[in-house]
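Note sheet for the following structure.
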Amino acid sequence: MSKKKKYALRHPLYAGGVRLQETRASSIRNWWAKRWNESIASKDLAGRAARAHNYAMTGQVVEISPERAVVQGLRKEPYRVKLVFRKPEGEARARIVAALKAEPMMVSRLLSGDLPTEVEGLFKAEGFDLFPGGKLGEDVYDVTTSCTCPDYANPCKHSLAALIVLGEEVAWRPWRLLEFRGISMEELIV
């Protein structure tokens with residue numbers, strides 16, 4: 001009978017950063033926040049995603065923006081995470097912006113904290129995912145991440161924690177999804 005090796009419990013250093021307000025996925029009430037969380041969970045990283053969620057709940061994400069995050073891990077020096085959302089460019093971007101401008105009610109709903117399902121369709125029609133999707137082609141990913149941690153896997157728990165915290169921002173302000181994709185609300189209102 002082989003004896004299982006026991007590992008000491010390791011906890012990240014206390015950071016006092018951003019903490020999730022909605023601690024359980026079941027408490028999320030809108031479809032776009034659920035879709036964001038499902039897209040992250042679908043990456044088939046169950047153990048890693050659980051640790052990332054724990055990082056997000058306990059305030060290990062010290063700084064966050066759609067482009068980068070600072071996440072406190074086990075080491076004294078926090079890890080730097082880079083996030084790159086694939087953005088529509090050229091004609092694809094122009095068609096998405098024109099379609100949104102043509103429907104002022106959609107823009108109004110976005111500003112009031114609602115995400116019309118049609119917005120997702122506009123992005124899909126141009127070959128883009130509004131949410132952090134998976135692999136789109138041979139070497140094209142919808143969202144790419146990199147982290148200064150020594151973990152060989154990508155996304156690591158630090159990158160996933162950053163995406164989870166951004167997901168909560170999206171739950172309250174769905175227009176942020178457009179900003180992540182390079183389209184500001186200001187250009188839709190003008």
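Does Asp139 satisfy the criteria of being more than 12 Å from the chain's Cα centre (by Cα), at pLDDT 85 or above and over 22 Å from Glu120 (Cα atoms)?
Details: more than 12 Å from the chain's Cα centre (by Cα): yes; at pLDDT 85 or above: no; over 22 Å from Glu120 (Cα atoms): yes.
Spelling it out, it is not the case that Asp139 is more than 12 Å from the chain's Cα centre (by Cα), at pLDDT 85 or above and over 22 Å from Glu120 (Cα atoms).
Restricting attention to region 20-35, the residues that are at pLDDT 80 or above and in a loop (DSSP other than H, G, I, E, B) total 1.
Here region 144-188 is the region considered, the condition is being more than 13 Å from the chain's Cα centre (by Cα) and part of a helix (DSSP H, G or I), and the residue that is nearest to Ala98 (Cα to Cα) is Leu188. Condition check for Gly127 on (1) at negative phi; (2) surrounded by fewer than 18 Cβ atoms within 10 Å (Cβ to Cβ); (3) not charged (D, E, K, R): one failure, at (1). Being modelled with pLDDT under 95, assigned to a loop (DSSP other than H, G, I, E, B), aliphatic (A, V, I, L, M) and closer than 30 Å to Pro12 by Cα: is that true of Leu130 here? So Leu130 fails the test.
Selection of region 79-94 for residues being out of contact with any Ser or Thr (no Cβ under 9 Å at 6 or more places or on another chain) and surrounded by 12 or more Cβ atoms within 10 Å (Cβ to Cβ) yields Lys87, Pro88, Ala92, Arg93, Ala94. Of all residues in region 54-95, exactly one satisfies the criterion of being in contact with a Gly (Cβ under 6 Å, 6 or more places away or on another chain) and at positive phi, namely Gly59.
Being in contact with a strand residue (DSSP E or B) (Cβ under 9 Å, 6 or more places away or on another chain), in contact (Cβ under 8 Å) with a residue 60 or more places away in the chain and of a type in the set (Gly, Ala, Ser) holds for only one residue in Ala153, Ala162, and it is Ala162. If the condition is being acidic (Asp, Glu), out of contact with any His (no Cβ under 9 Å at 6 or more places or on another chain) and surrounded by fewer than 17 Cβ atoms within 10 Å (Cβ to Cβ), then region 144-190 contributes Glu179, Glu186, Glu187.
The values are calculated or read from the model by the stated rules, or taken from the named source; none is laboratory data. Predicted model, so just to flag it, every value in this text is computed and none were measured. Every residue, glycine as well, gets a Cβ built from its backbone with ideal geometry; the counts of neighbours run over all protein chains shown.
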